[in-house]
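Student: After the C-alpha cells below, expect a handful of questions from me.
The values are calculated or read from the model by the stated rules, or taken from the named source; none is laboratory data. Here the structure is a predicted model, which means the values were calculated and not measured. Heads up, the Cβs are rebuilt from the backbone with ideal geometry, glycines too, and the neighbour counts pull from every protein chain shown. Calculation scope for accessible area: heavy atoms of the full protein, side chains included, ligands and nucleic acids excluded. Shrake-Rupley method; radii C 1.70, N 1.55, O 1.52, S 1.80 Å.
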Amino acid sequence: MKKRRIYLNHNGGVDDLISLYLLLKMEDAELVGVSVMDADCYIQPAASATRKIIEKFGSEKDKKIKIALSDSRAVNPFPKDWRMHAFVVDALPILNEKKPLTVEESNIKAHEDIIRVLKESDEKTDLVFIEPLTDLARALDKDSSIEEKIGKLYWMGGTFLEHGNVEEPEHDGTAEWNVYWDPFAAKRVWESNIKIELVALESTRMVPLTAEVRDMWASQRKYEGVDFLGQCYATVSPLTHFVTNSTYFLWDVLTTASFGKENLVKREVVNSDVITEGPNRGRTVRKENGRPVDLVYHVDRDSFFEYITDLAKQ
C-alpha cells in the first residue's frame, strides 16, 4: 500500500494533540513533518506534549521527525484561558512513563521546516493545518515554488454561516478564530493555487463533545488509546444543555478525519474570499468570482466517532 505523505501544523490544543495521535495510527498515512505554533496554546508545553505523544505512540520512523517550533505572531491573539490545555496534556502520566525523550526539536522554524520537507521529496505532500495559516503564508512568501509540491491543504478554518465563533470587542462576530488570528495569512493562501479543503464551522458544530461521547470512551478504556482520548478530553468542557462560547467541538479532529477517511463528510465547491479589515475582519465570504474551496458542510456524526475510536484501539 502506497502511503500518503502528510505534514501536520498544529497549535497545541487538546484537539490538535489528539489529531497528531490519530495520524500516527493511520495505516495509509506517512507523517513526514510536524510543527507547532504558539496560537491556541503556550508553545513549550505544546511542543513537549507533541514529542511525548510521538515517543509513546509513534513508530521508530516517526521518532526521527524533528518538531519545528513557530515564531509567528498573532494579529488577534487567542484568549489566555483557552491556551492552558497543553500544560495538562503534557503532564498526563501516560505520556511521562519514558524519559529521556528521543524525539527532538528542530533547529529551524516552522515555516522553514515546511519548505524543507516539501522540497526534499519528489512526491506531493498533503498538509493538515489545524491552526492559523501564518506559517504556510510565510513559507509561500519565502519560496512560492513549494505550491507545486503540495497535494492538498486540509484546513480547519472559516465559516459561511451568519455567526462565527469570535466574540471580541469591535468585531461583529462573523469570523472564525483561525482566520481571525491572522486574516492576512489566510488571504495570502487564498491567493495561491493550492487546493483547499475547508473544514469550517458548518460541519465542526455537528461533532460536539458530549457526556454521551465521554461515557462511550469510558466504557472502552481497557484500550490504552481510548483511555488516552478520554483523559485528554476530560480537561475541556462538554456540551451539556446548550452551546456556549466554551463548548468544545472536535474541530481539528474532524479535519484530520476528513483526511484519513474522505467519505465521512460531504463537500461542495464554494467561490470565496477573506476579509482582512474592518469589524468583520477574518470573515470568509462567498464571492461569485472568488477562489474555489472544497467546503465540508456535513459529517456523519456516528461514523466519525466510530472511526476515531477504532483508530485509538489499534
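Student: Taking K and R as +1 and D and E as -1, what net charge do the other residues with C-beta under 15 Å from the C-beta of ASP71 add up to?
Tutor: Within the 15 Å Cβ shell, the charges total -4.
Student: Using the Cα centre of segment 4-313 as origin and beta-carbon charges of +1 (Lys, Arg) and -1 (Asp, Glu), tell me which of LEU161, VAL89, VAL236 is placed farthest towards the positive end of the dipole.
Tutor: Positive-most Cα among the choices belongs to VAL89.
Student: Please give me, ordered by residue number, the trypsin sites (Lys or Arg not before Pro) of segment 182-232 that lie in loop per DSSP and have at most 13 other Cβ atoms within 10 Å.
Tutor: LYS222
Student: Give, rounded to the nearest 20 debye, the magnitude of the charge dipole that the chain has about its Cα centre when Lys and Arg contribute +1 at Cβ and Asp and Glu contribute -1 at Cβ.
Tutor: 660 debye
Student: Using helices alone, I'd like the mean residue ellipticity at 222 nm for the chain: each DSSP H run of four-plus residues gives -39500 (n - 2.57), total over residue count, nearest 500.
Tutor: The per-residue figure over the chain is -10000 deg cm²/dmol.
Student: Once the other residues with Cβ under 10 Å from the Cβ of THR159 are scored (Lys, Arg +1; Asp, Glu -1), what is the net sum?
Tutor: Its environment carries a net charge of -1.
Student: Taking K and R as +1 and D and E as -1, what net charge do the other residues with C-beta under 14 Å from the C-beta of ASN96 add up to?
Tutor: Summing Lys/Arg as +1 and Asp/Glu as -1 gives +2.
Student: Now, a different point. What translational diffusion coefficient, in µm²/s and rounded to a whole number, does the Stokes-Einstein relation yield for segment 4-313 at 10 °C and a viscosity of 1.306 mPa s, taking the hydrodynamic radius as the Kirkwood radius over Cα pairs?
Tutor: The diffusion coefficient I find is 82 µm²/s.
Student: For the chain, what's the relative contact order in percent, using C-alpha pairs closer than 8 Å and at least 6 residues apart?
Tutor: 18 percent
Student: For segment 105-239, which whole percent of the accessible surface, found with a 1.4 angstrom probe, sits on carbon and sulfur atoms?
Tutor: 44 percent
Student: Please list 3J(HN,Hα) in residue order for segment 35-52, calculated via the Karplus relation 6.51 cos²θ - 1.76 cosθ + 1.60 where θ = phi - 60°; whole Hz, with x for glycine and proline.
Tutor: 9, 10, 10, 7, 10, 8, 6, 9, 5, 5, x, 5, 5, 5, 5, 4, 4, 5
Student: Okay, moving on. Under the Karplus relation 6.51 cos²θ - 1.76 cosθ + 1.60, θ = phi - 60°, what is the ordered set of whole-Hz ³J(HN,Hα) values for segment 14-29, x standing for Gly and Pro?
Tutor: Values, residue by residue: 4, 4, 5, 5, 5, 4, 4, 4, 5, 4, 5, 8, 7, 5, 9, 10 Hz.
Student: Under the rule of at least 5 residues apart or a separate chain, name every residue whose amide H is placed under 5 Å from the amide H of MET206.
Tutor: Placed amide hydrogens put nothing under 5 Å from MET206.
Student: Ranked highest first by average number of other Cβ atoms within 10 Å, how do 255-268, 294-307, 14-27 line up?
Tutor: 14-27, 255-268, 294-307
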